[in-house]
Amino acid sequence: MIFKSLLHRLNATATAPLVARPPLYASTRVDLGLRWSSGVVNNAHSSSSSSSSFSSCSATSSLYSDTVPISQKEEIMDEVYCKVADRYDAVIDILSVFMNTMWKRNFVKQIKPQPGALMLDVAGGTGEIANHYLQYQDKVNRDKTSSVKIVDYNPHMLRVGMKRLGNSEWMRDGRVSFVQGNAEDLDGIADSSVDVYSISAGMHNLPHPERALKAAYRVLKPGGTFACLEYGHVDAPVIGPICRWYMDNAVPVLGGWIAGDSASYERLAKSVRNFPHQKVFVQAIRDAGFVMPGNGYQVFQWGMMVAYIGAKPKN
């Protein structure tokens, strides 16, 4: 049944037409055929002299160096996600040996959202985390007032999420909205306005994750929950080398076989491999001002995926 479901998802998206991309350097609203929320975050490559523009950013990240220049990473990763958007969730399910959905469900459980909470799901274009979050609220908290604002830089990923949730009761009730925006500034999202900040498998794509952490701190209400799910480093003596070999060698090959695009999945794999170790990243989260209990993170499957759950201080 698992393979049948995944094959159905792959076939359903194989011939889906891509919407025209907005100009990369323009700040623009994108009409993808479904209701957008009123505010759209400016594209970070805008020629504006705004302080949030990447043209004024340094060319390096304080956390890590990728195999592509940091100054070019945003544009490169944006192009990758334009290519993989339609099949992204289905392919990641296969590449993770069907653990991806389990990780994300467990992640939402770890958040322990309160009834009525507004989640800002950053880099959440396909709507998968939003789907798990609202299911949790409906079934566990029996809550019909919570909502999710999904922010993603890539319009193709947003279109996938809008297709997934467009006919849902949540969408009809106004509990889901979509905004094209940049995780590193969240321009257009008010200070201290959201109860939960979530980002899943998104930090490794950012040129400057430390800036995204500062933006997360700004938009969260005092006492609000910070939740990040990210690929980690497996330190186990035998399993670690196997996982690294799989990421470096098998993922590009399987991406080519399943999705016909080995180059994009090789770039994604390199982005993951070059992200800092969980012990380094959790310190960066703390440096941004968040309170992270215990060691600050929980590993899934020896560290293949890591959940960082903390909070913005109440005062």
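The values are calculated or read from the model by the stated rules, or taken from the named source; none is laboratory data. Every value quoted in this text rests on a predicted model; they were computed, and no experiment measured them. In this analysis, Cβ positions are derived from the backbone assuming ideal geometry, glycine residues included, and neighbour counts consider all displayed protein chains. Surface areas here come from the heavy atoms of the whole protein model, side chains and all, with no ligands, DNA or RNA. Shrake-Rupley method; radii C 1.70, N 1.55, O 1.52, S 1.80 Å.
Counted over all Cα-Cα pairs of the range 138-284, pairs farther apart than 20 Å make up 60 percent. Across the range 78-195, the volume of the C-alpha convex hull divided among the residues equals 109 Å³ per residue.
Out of every Cα-Cα pair that the range 126-199 contains, those further apart than 21 angstrom amount to 26 percent. Counting only protein heavy atoms and a probe of 1.4 Å, the accessible surface of the range 166-315 is 55% carbon and sulfur. The ASP287 and SER168 beta-carbon pair, evaluated with R₀ = 25 Å, returns a calculated FRET efficiency of approximately 0.05. Between the listed residues ALA201, SER177, ALA215, the Cα displaced farthest toward the positive end of the dipole of the range 163-244, a dipole computed from Cβ unit charges relative to the Cα centre, is found at SER177.
An oblate overall shape is assigned to the range 93-154, the ratio a/c of its alpha-carbon gyration tensor axes (a ≥ b ≥ c) being 1.5 or greater and a/b not exceeding b/c. Extent of the range 183-239 along its three principal axes (Cα atoms, max minus min coordinate, largest first): 46, 25, 13 Å. Scaling the Cα radius of gyration of the range 162-212 by the globular reference 2.2 N^0.38 Å produces a ratio of 1.36.
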